[in-house]
């Protein structure tokens with residue numbers, strides 16, 4: 001009786017050795033295969049089998065019959081191809097089913113003459129029960145709030161587990177700005193979750209963190225997304241300079257934000273001494289022309305209330321002083337040709353600005 005029991009134990013141990021462990025290569029295949037799919041995979045992951053050497057048929061077998069090379073339990077249909085000369089890939093139509101356990105049988109003898117004496121390779125793997133996919137985010141200004149620094153975070157993502165109720169999903173999500181929790185709304189449209197979280201922009205920037213709880217959402221591991229926030233940039237004039245365009249002096253203001261081109265700038269911008277001004281906005285640049293004179297100190301005042309293109313208003317008065325510098329020296333030939341015809345009156349026409357003396361050389365060609 002003891003002998004029969006011992007034989008049964010040895011038989012059971014031998015059978016257990018033949019059952020492939022998830023994610024591990026069976027002992028008898030180690031000299032031809034160096035990597036197989038992991039024990040747990042994503043629904044959109046492809047199965048990759050890495051061989052220890054290049055397969056000659058990988059260059060000549062343009063089309064592979066996936067249905068004959070691979071058999072799955074539960075059944076799967078898909079495509080297979082040579083990823084490299086030493087790597088075979090398989091991808092199912094529509095992805096794997098979340099939370100499902102699969103067995104895979106790879107018929108090696110159909111791939112190469114080198115494997116003609118080998119039995120099929122059998123492996124098993126599981127698909128993750130739930131995943132967060134296709135996460136994306138954007139920001140918009142909260143127009144329902146008078147606070148110009150109030151924004152709304154919009155985030156959208158897909159969860160592969162289908163039967164999670166919206167209340168359960170919200171319970172498993174946290175939204176934090178610099179570590180402080182935010183209230184948010186969550187809705188589901190088909191398979192896409194849409195999250196909205198209003199917040200006040202931190203003056204010195206930081207980050208928004210969205211955390212997905214591992215246990216509450218049945219995830220493989222906790223997932224978090226970090227969204228950086230730039231320091232708050234208040235609407236203001238950042239630079240001023242005097243420029244020359246076609247011989248005319250203009251004051252150029254560079255703002256932190258773009259302006260409305262149809263704005264009535266004369267309400268908010270004035271000079272001392274007082275004069276009529278013309279305004280030329282383009283993006284965040286505003287050029288100002290007027291009857292500016294040399295050697296006069298001007299004061300330019302920008303009053304609070306000037307709006308930018310988002311409606312944010314200048315909060316503080318800004319004052320700048322400027323003086324016209326000399327126009328840069330310039331010579332401009334006004335005739336079309338660059339040479340002197342022997343039939344012409346031998347006059348060269350040009351215009352000069354701020355040039356007292358001119359050395360002119362004429363060469364005979």
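What residue among 330, 297, 248 shows peak mean-square fluctuation when the chain is described by a Gaussian network model with Cα springs under 10 Å?
Answer for the Gaussian network model of the chain: 330.
Just need the relative contact order of segment 24-158 here, percent rounded to a whole number, with Cα pairs under 8 Å and 6+ apart.
Numbers: 244 pairs, mean separation 28.4, N = 135.
Relative contact order here is 21 percent.
Summing -39500 (n - 2.57) over the DSSP H runs of n ≥ 4 in the chain and dividing by its residue number, what mean residue ellipticity at 222 nm do you reach, to the nearest 500 deg cm²/dmol? Could the numbers behind the result be given before it?
On the way: 3 runs with 27 residues, N = 365.
Result for the chain, helices only: -2000 deg cm²/dmol.
Using the 10 angstrom Cβ neighbour count as an exposure proxy, how do 64, 182, 360 rank, fewest first?
Values: 64 20, 182 16, 360 6.
Fewest-to-most Cβ neighbours within 10 Å comes out as 360, 182, 64.
Between 180, 154, 347, which gets the highest mean-square fluctuation from a Gaussian network model of the chain, Cα cutoff 10 Å?
In the Gaussian network model the winner is 347.
Please report 219, 303 as a ranked list, fewest other C-beta atoms within 10 angstrom at the top and most at the bottom.
On the way: 219 19, 303 13.
Placing the least packed residue first, the sequence is 303, 219.
For the chain, take the longest principal axis of its alpha carbons; what is the angle in degrees between that and the long axis of helix 2-18, to the nearest 10 within 0 to 90?
For 2-18 against the chain, the angle is about 30 degrees.
Taking the chain as a Gaussian network, where each spring joins two C-alpha atoms under 10 Å apart, which residue of 32, 166, 302 fluctuates the most?
Of 32, 166, 302, the Gaussian network model singles out 32 as fluctuating most.
Between rounded, prolate and oblate, where does segment 32-105 land on the alpha carbon gyration tensor, with a ≥ b ≥ c its root eigenvalues, rounded for a/c under 1.5, else prolate if a/b exceeds b/c?
Details: a/c = 2.18, a/b = 1.55, b/c = 1.41.
Prolate shape, in that a/c is at least 1.5 and a/b is the bigger ratio.
In which sequence would 233, 250, 214 go, from the one with the fewest C-beta neighbours within 10 Å to the one with the most?
So the ranking, lowest neighbour count to highest, is 233, 214, 250.
So if the hydrodynamic radius of the chain is defined as the Kirkwood radius over C-alpha pairs, what does Stokes-Einstein give as its diffusion coefficient at 37 °C and 0.692 mPa s, in µm² per second?
On the way: Rh = 29.1 Å.
For the chosen part, D equals 113 µm²/s.
No lab work stands behind these numbers, since they all come straight from the coordinates. Given the structure is predicted, the values throughout are model-derived calculations rather than measurements. Virtual Cβ from ideal backbone geometry, glycine too; neighbours counted across all protein chains shown.
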